[in-house]
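The numbers here are math on the coordinates, done by the rules we state, and not lab data. Computed from a predicted structure; not experimentally measured. Glycine also receives a Cβ, built like all others from the backbone with ideal geometry; neighbour counts cover every protein chain displayed.
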Amino acid sequence: MKQPSEKKRFKPGKFIQYSGMAFQMIATILLGLGIGFLLDSYLGTEKMFTAIFTLLFVIASMYLTLKDFIKP
C-alpha cells in the first residue's frame, strides 16, 4: 500500500491550461462588450461605448493571457 506522500497529484495538462485561457479571454471580451452595449443604450449613443469598451477589454484579455502564459 502506498503512503499518502507517494501518491501522484493530478496536474492539469497543457490543453486544459490553454483552454482555460481561451475561456478567460472570451469572458473578458464579452464583459467589455456588454458594458459598452449597456452604456450605449442608457446614454443613447450609437455604438461608441461598445467599440471603446470592447477594444479596452480585448487589450486587457491579451494582457491577462500573456501574463499567464509567461508565468513560470
*Most exposed first by the Cβ proxy, i.e. fewest other Cβ within 10 Å, how do 62, 21 rank?*
62, 21
_Per-residue ³J(HN,Hα) for region 30-47, Karplus 6.51 cos²θ - 1.76 cosθ + 1.60, θ = phi - 60°, Hz, x for Gly and Pro_ = 5, 5, x, 4, x, 4, x, 5, 5, 5, 4, 6, 6, 8, x, 7, 9, 6
*In region 19-70, how does Rg compare with the Kirkwood Rh, expressed as the Rg/Rh ratio over alpha carbon atoms?*
1.10
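For an R0 of 35 angstrom, estimate the FRET efficiency from the Cβ-Cβ distance between residue 51 and residue 11 and round to the nearest 0.05.
After rounding to 0.05, the efficiency reads 0.30.
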*asked:* Give me 15, 57 sorted ascending by neighbouring Cβ count inside 10 Å, so fewest comes first.
replied: 15, 57
